[in-house]
Amino acid sequence: MSGDLQDRNRVVITGVGLTAPNGDSLSEYRANLLAGKSGVVPFETRYVKQPVLAGVCNFDEFRYQKRKERRRGTRAGSVSIYCANEAIQDAGLDWGNVSKDRVGVYLGITEHGNVETENEIFEIAQFDYDTKVWSHHHNPRTVANNPAGEVTLNLKITGPHLTVGAACAAGNAGFIYGLQMLRLDEVDVAIAGGVSESIHTFGIFASFASQGALAWNEDASKASRPFDVNRNGIVVSEGGAICTLERLPDALARGAKIYGEIVGYAMNSDAADFVLPVASRQAECVRLALKRAGLTPDDIDIVSSHATATEQGDIEESRALKEVFGDRPSLAINNTKSFIGHAMGAAGALELMGNIPSFEDRVAHATINLDEQDPRCELRQIVANRPRHMEKVEYILNNSFGMLGINSVVIVKKFPQELGGVYA
Amino acid sequence: MTPPEIRQVIIDILERIAPDEDLSNLDDAVSFREQMELDSMDFLDIVMELRKQYRVQIPESDYEHLGSMNSTVEYLTPLLKDA
């Protein structure tokens, strides 16, 4: 970590756009996280007979998109366009004079294309599987770069774009990729984060149900219960969180407001199992991010946990966190999925953003639905059910892990207000 | 279907594939592209909708007949006379 304000390797967050099941802006989302308001609701999905819950977003698709663009594109594209436009507006960028060839779009996704493929199969099934009615829109909708590509079409960005396929570690991965491209001087502005349209595929619900990992509760708001002894699986959600990232000297030169500095990151692989996580590799990932940031575990104030409310996932992450952070009581560990469910490719990005305002209010939002903590999740610092006031919040560490054993960690530092930081 | 009915079918399709367009002043004698933002993927949507709704197969060599409303209705009238 450098103290040099002209260091072009320093990367800061200068704009935020998001849509979550409980809020379509950072302020609304944060207010609902502090108020304990869930965004999980009953949801209809094709074919699946059992009742299903999901985190559903209610942003206005047509705020930044023509109806025709929406018809041609995908829900993930629409989520991305909304979030990217919101982030650029929030960043105060003089968009007309920004060199569009120096803007890159890097969006984390868990999966892409399943929604459109399922829709087309459903459609041709009405025509006795006549593939002549298979849409010519299928390929441009299902190519893996679709959500990022739709952002470039909408905003006339001519720099590079791609999606980062990283299962449920994708939100962090989008930020990491954007940061790396800024450090390589490939771009001057990185539009980075994570998005998900996964609730519009029946397959994700059916697959988690077959795995015994799909959550259900008569009260939808109580269904997502990470670390709780009565948890029964994942609530699938849609959403997106996209930030504008810039090199610190560039941000300072234009007088940008700065939400925080990404001072550390790491990604690694379990190399062990398709779905089951490994605590020791997660702990290695956290330690690597701390090392790169020049920090020790004692420097971290809030850990935004990944826990999805699956049995082994919660236990393994608890082991990893205990191994790295011990029982230090001044640490707050929280979980955003307890409010919004698991937003898949957007999860890591949304969860980090939900915690960023803690730099201002010094409050760690809660982990709701934690009525009785699973004794196998031996963490004493979980912020249970009510927000916790903190003495200081200087560093937030965000975990995001995914299938095939992909782990990611991002550490954000508060930026001093006298130098351009948003938060006092 | 009669030519006026066919015209209405095309209007309904255009409203779906070009939802931002105002079709109330469409000039049937002028090409669609001169009056609307339509590209090749949109024309394929017209072909696809006719295929789905009426099982009409329009070979690629006949796409040129779909240039304007008048030419489209004229081309489709014999194909849809029993529809």
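The values are calculated or read from the model by the stated rules, or taken from the named source; none is laboratory data. Keep in mind that what you see is a predicted model, and the values were worked out from it rather than measured. Using ideal geometry, Cβ is built from the backbone for each residue, glycine included, and neighbour counts are taken over all protein chains shown.
Of all the listed residues (B:Gln57, B:Gln53), the sole one being within 14 Å of another protein chain (Cβ to nearest Cβ), touching a helix residue (DSSP H, G or I) at 6+ places or on another chain (Cβ under 8 Å), farther than 19 Å from A:Lys66 by Cβ and part of a loop (DSSP other than H, G, I, E, B) is B:Gln57. Of the residues making up the stretch A:356-377, just one is within 16 Å of A:Gly260 (Cβ to Cβ), in a loop (DSSP other than H, G, I, E, B) and over 21 Å from the mean Cα position of the chain (by Cα), namely A:Arg362.
Every residue, every condition in (1) among the charged types (D, E, K, R); (2) assigned to a helix (DSSP H, G or I); (3) within 19 Å of A:Phe415 (Cβ to Cβ), yes or no:
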| position | (1), (2), (3) |
| --- | --- |
| A:Arg231 | yes, no, no |
| A:Ala241 | no, no, yes |
| A:Ala251 | no, yes, yes |
| A:Tyr265 | no, no, yes |
| A:Ala272 | no, no, no |
| A:Val286 | no, yes, no |
| A:Ile315 | no, yes, no |
| A:Ala347 | no, yes, no |
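Test of understanding: among A:Arg75, A:Arg70, which residue is in the same structural domain as A:Lys222 (by TED's automatic domain parsing) and free of Cβ contacts under 8 Å to residues at least 12 places away in the same chain? Within the list A:Arg75, A:Arg70, the selection yields A:Arg70. In the condition set (1) within 14 Å of chain A (Cβ to nearest Cβ); (2) in contact with an Asp or Glu (Cβ under 9 Å, 6 or more places away or on another chain); (3) not in a loop (DSSP other than H, G, I, E, B), B:Asp45 is compliant with all but (2). For the stretch A:276-309, which positions are on the phi > 0 side of the Ramachandran plot and surrounded by fewer than 19 Cβ atoms within 10 Å (Cβ to Cβ)? Listed by number, the list holds a single entry, A:Gly294.
Has the stretch A:154-172 got at least one residue that is touching a Cys at 6+ places or on another chain (Cβ under 6 Å) and not in a helix (DSSP H, G or I)? Please lay out each step first, then the result.
To start, the set of residues in the stretch A:154-172 that are touching a Cys at 6+ places or on another chain (Cβ under 6 Å) comprises none.
No, every residue in the stretch A:154-172 fails to be touching a Cys at 6+ places or on another chain (Cβ under 6 Å) and not in a helix (DSSP H, G or I).
When A:Ser221, A:Ser198 are checked against the criterion of being of a type outside the set (D, E, K, R), touching a residue at least 60 places away in the same chain (Cβ under 8 Å) and within 20 Å of A:Glu372 (Cβ to Cβ), a single residue qualifies: A:Ser221.
One line per residue, one yes/no per condition, for (1) surrounded by fewer than 17 Cβ atoms within 10 Å (Cβ to Cβ); (2) at pLDDT below 95; (3) more than 30 Å from A:Glu120 (Cβ to Cβ):
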residue: A:Gly15; (1), (2), (3): no, no, yes
residue: A:Thr19; (1), (2), (3): no, no, no
residue: A:Asp24; (1), (2), (3): no, no, no
residue: A:Tyr29; (1), (2), (3): no, no, yes
residue: A:Leu33; (1), (2), (3): no, no, yes
residue: A:Gly39; (1), (2), (3): no, no, no
residue: A:Gln50; (1), (2), (3): yes, yes, no
residue: A:Leu53; (1), (2), (3): no, no, no
residue: A:Phe59; (1), (2), (3): no, no, no
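Examine the stretch A:189-201 for a residue that is assigned to a loop (DSSP other than H, G, I, E, B) and at negative phi, and state whether such a residue exists. There is at least one residue in the stretch A:189-201 that is assigned to a loop (DSSP other than H, G, I, E, B) and at negative phi. Among the residues of the stretch A:408-424, is there at least one that is surrounded by fewer than 17 Cβ atoms within 10 Å (Cβ to Cβ), touching a Phe, Trp or Tyr at 6+ places or on another chain (Cβ under 8 Å) and free of Cβ contacts under 8 Å to residues at least 60 places away in the same chain? Checked the stretch A:408-424: at least one residue is surrounded by fewer than 17 Cβ atoms within 10 Å (Cβ to Cβ), touching a Phe, Trp or Tyr at 6+ places or on another chain (Cβ under 8 Å) and free of Cβ contacts under 8 Å to residues at least 60 places away in the same chain.
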